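Asks: Once you've had a glance at the structure underneath, I'll fire off some questions.
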Amino acid sequence: MSIRKRLSQEESRTLALDAARQLLIEQGPQAVTLKAVAGRVGRTHANLLHHFGSAAGLQKALARHLARTICATIAQAVIASRTGGGSPRQIVDLTFDAFDREGGGALASWMLLTGNKDALDPIVDAIHDMVDELHDYGSGAMREATLMLVLMALGDAQLGGPMSQALDLPRSAMRTMAEQMLIEAAERAGLRGG
């Protein structure tokens, strides 16, 4: 007879979101279902319905969870870069990895394809908040650089491999272009260290 530990509501949500993130990375966005997540964390489908309301609610919560954790990591890299402890390439790699290896691009595409467009709001909001935190509002060059970096990373996650191969370019070509763009934008904005 097994005894399950009683988790707080927040602990239960976090456990479910971590499981959803692993499913996303391992099997893709179509695998992130209430049933699959419930099975992975040893909870019932009804328990997850209580926390998220629906599969769309789970996906939106996952998008928020991914966006917050990824943006926090990128913000730390930006701050480190400004103080000489990091580099623009680290920022580029973190952003590209978030959309590729971490499944952010696949999740965004899946939500758009399934009509769950408002689930992208947490991603957009987290990026907006990060930019506001790191740059004063008037820094147009860095806002433009952020837009370009995110869209480049999203596009690379979707088509980077096949396009690089078709054009006989190294797989890292888009990351190298994004790094150069970020360096130039930082110089235009007068930011030290990139």
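The values are calculated or read from the model by the stated rules, or taken from the named source; none is laboratory data. Worth saying up front: this structure is predicted, and the values here are computed from it rather than measured. Keep in mind that these areas ignore ligands, DNA and RNA; they rest on the heavy atoms of the full protein, side chains included. Shrake-Rupley method; radii C 1.70, N 1.55, O 1.52, S 1.80 Å.
Asks: Can you give the extra length, in nm with one decimal, that the chain gains between His45 and Gln27 once fully stretched, where that is 0.36 nm per residue apart less the Cα-Cα distance?
Replies: So the chain would gain 4.5 nm between His45 and Gln27.
Asks: Follow-up. Can you give the helix-only mean residue ellipticity at 222 nm for the chain, where every DSSP H stretch with n ≥ 4 adds -39500 (n - 2.57) and the sum goes over all residues, rounded to the nearest 500 deg cm²/dmol?
Replies: Taken over the chain, the calculation gives -23000 deg cm²/dmol.
Asks: Sorted by accessible area (1.4 Å probe), largest first, how do Glu184, Glu144, Glu102 line up?
Replies: Per-residue accessible area, sorted high to low, gives Glu144, Glu184, Glu102.
Asks: Still on this structure, I have one more. Tell me, what is the per residue accessible area of the range 1-69 in Å², probe radius 1.4 Å?
Replies: Heavy-atom accessible area per residue stands at 57 Å².
Asks: Hey, any idea what % of the chain's accessible area is carbon plus sulfur with a 1.4 Å probe?
Replies: The computed percentage sits at 57.
Asks: When a/c reaches 1.5 or more, the comparison of a/b and b/c decides; with that in mind, is the chain rounded, prolate or oblate per its Cα gyration tensor?
Replies: prolate
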